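This report refers to the structure that appears directly beneath it.
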Amino acid sequence: MEKPEAITVKKRDNFSEWYSQVIQKAELADYSKVSGCIVFRPRAYYIWETVQSYMNNVFKKLNIKNAYFPLLIPESLLKKEKEHVEGFNPEVAWVTQAGDTKLNERLAIRPTSETIMYDHYRKWIHSWKDLPLKLNQWNNIIRWEFQHPVPFLRTREFLWQEGHNAFATEKEVKQDTLLMLNIYEKTLKELYAIPALKGKKSEKEKFAGAFYTLSLETLLPNGKAIQCCTSHDLGQNFSRAFEINYLDKNEKKQYVWQNSWGFTTRTIGIMIALHGDDHGLVIPPKLAEIKVIIIPIIFEDSKKQVLKKANEVKKLLKNYNTYLDDREDYSAGWKFNEYELKGFPIRIEIGPKDIKKNQVILVRRDTLKKETVKIKNLNKKIEKTLEEIHNNLYNKAKKFLNEGIIKVKNINDMKKVIDSGKIAKIDWCLDLKCEDMIKEKTKGAKSLNISLTEKAHGKCFVCNNKANGVAYFAKSY
């Protein structure tokens, strides 16, 4: 029994089934009895803890403080910003009763925290000396309105961080909104080895209640694009609705300028989808709790010597949270398959022949290539290989994304690109009517975002009016 939990379908042939098998067999998640809500198993939660630690270090340098606000939001607060409540109303789950007692006011289970937080910002901000106010919270979110949940990628309950900053000036909030998106971009690259398209959401796709929304988007192997994260410039929309004002240095009343920004456990699903292969999960080294697995090749006549040397190698590599699998009731081949399925970055094999030559066999998870390494050189080799694995995963994903973006100049070419599971890049007038028409003609393609750096040339091919932006369209989650 060499492959007890092997993936039984190929990623290219049946992505949905492949993905479902990987998350369960690699022990990342389990389905719960509530549709759209999953169990984060320890291996997945470790990834999220690593992201939390990384981001918290960045936040502290920016003087962003962590806080926590209630899960339940009174309906009267949720209704204070008109666009916001209209945008989220279909997704809100409500608490209407406690025991046998009907509540006097419905309580929304947090779909996002602007309204509950800003009711308190109103109380805390009085003077220009109280600004900027920068708070972040790590919490869970409930959004109910969709039909086909996919673990991590699209769930009714998910984990995230949501930051909410308030400033005295418009200039500050614009700079900060882009800064937070850049931090997200760096997090995706440095931890997840994920590249993304940076841009501004269309008026139709922006966050409900925002002045504008910035986002990072990428493409998955199943031909669907996906939003990685967002940063919203809220302008003064919420500060006016919630009366968040202060006295400036001239003793004049001013409304604050605000933004909000969020990064979710969806990114774990994107990582699984982008880097995994037909053998199972591939974890980028910086997100792997165990970076090196040692598997001794055990024969009865040399068992004692091999295990002794394997333990020596484990101590040598202690900085990589190295794990020695010395179980004797499983064959080495069984273990190879198990750890390939679970995605550990490096496997080290050591047997009696290796001991005689004072070497080990090193296997990279990303390429499955084997290499002989002298034990005296092992520490440096591991460090270099982990870096190479990360860079290889990022470069492969970057190549896939770049090759998946096709510039189109008419609707027929756009249909072909969308139908082939790629991203269409167009010069666009940015008008809502043209966006709706593109969605209708392509049977579901949405605008992902509009480039922050590229300038449009010529005319929008939908309406023939002047193009005002370079935009990306695709079918997406």
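The values are calculated or read from the model by the stated rules, or taken from the named source; none is laboratory data. What you are looking at is a predicted structure, and each value in this text was computed from that prediction instead of being measured. Ideal geometry is used to build each Cβ from the backbone, glycine not excepted, and the neighbour counts take in all protein chains shown. For accessibility, only protein heavy atoms count, side chains too; no ligands or nucleic acids. Shrake-Rupley method; radii C 1.70, N 1.55, O 1.52, S 1.80 Å.
A few comments on the model shown:
- Among S447, A26, V313 - extreme Cα towards positive end, dipole of the chain, charges at beta-carbon: V313
- Relative contact order of the chain, defined on C-alpha pairs under 8 angstrom at six or more residues apart (%): 15 percent
- Subtracting the Cα-Cα distance of T372 and W124 from their residue separation scaled by 0.36 nm leaves 83.1 nm.
- Inter-part distance where the range 89-155 and the range 437-477 are each reduced to a Cα centre, Å: 32 Å
- Rounded if a/c under 1.5, otherwise prolate or oblate - the range 292-388, Cα gyration tensor axes: oblate
- Partner aspartates and glutamates whose Cα lies under 19 Å from the Cα of K204, excluding those fewer than 8 positions away in the same chain, are identified as E81, E83, E86, E91, E145, E217, D233, D427, D431, E435, D436, E440.
- E454-N104 pseudo-label distance in nm [points 7 Å out on the Cα-to-Cβ vector]: 5.6 nm
- For the range 270-302 and the range 166-182, distance of Cα centres in Å: 41 Å
- Rounded if a/c under 1.5, otherwise prolate or oblate - the range 5-140, Cα gyration tensor axes: oblate
- Estimated vicinal HN-Hα couplings, Hz - the range 219-233 in sequence order (Karplus 6.51, -1.76, 1.60; Gly, Pro = x): 10, 9, x, 8, x, 9, 7, 8, 7, 7, 5, 9, 9, 10, 8
- Helix 266-275 axis versus longest C-alpha principal axis of the chain: approximately 40°, rounded to the nearest ten.
- Our helix-only sum for the chain, with -39,500 (n - 2.57) per DSSP H run of n ≥ 4 divided by its residues, gives a mean residue ellipticity at 222 nm of -10500 deg cm²/dmol.
- Total charge dipole magnitude, the chain, about the Cα centre, Cβ charges on Lys, Arg, Asp, Glu only, Debye to nearest 20: 1380 debye
- Cα centre as origin, Lys/Arg/Asp/Glu Cβ charges: the range 323-477 dipole, Debye: 520 debye
- Candidate cross-link partners of K60 among the lysines, defined by an alpha-carbon separation under 18 Å and a same-chain spacing of 8 or more, comprise K134, K186.
- Within the accessible area of the chain, the carbon and sulfur atoms contribute 49%, probe 1.4 Å, all protein chains present.
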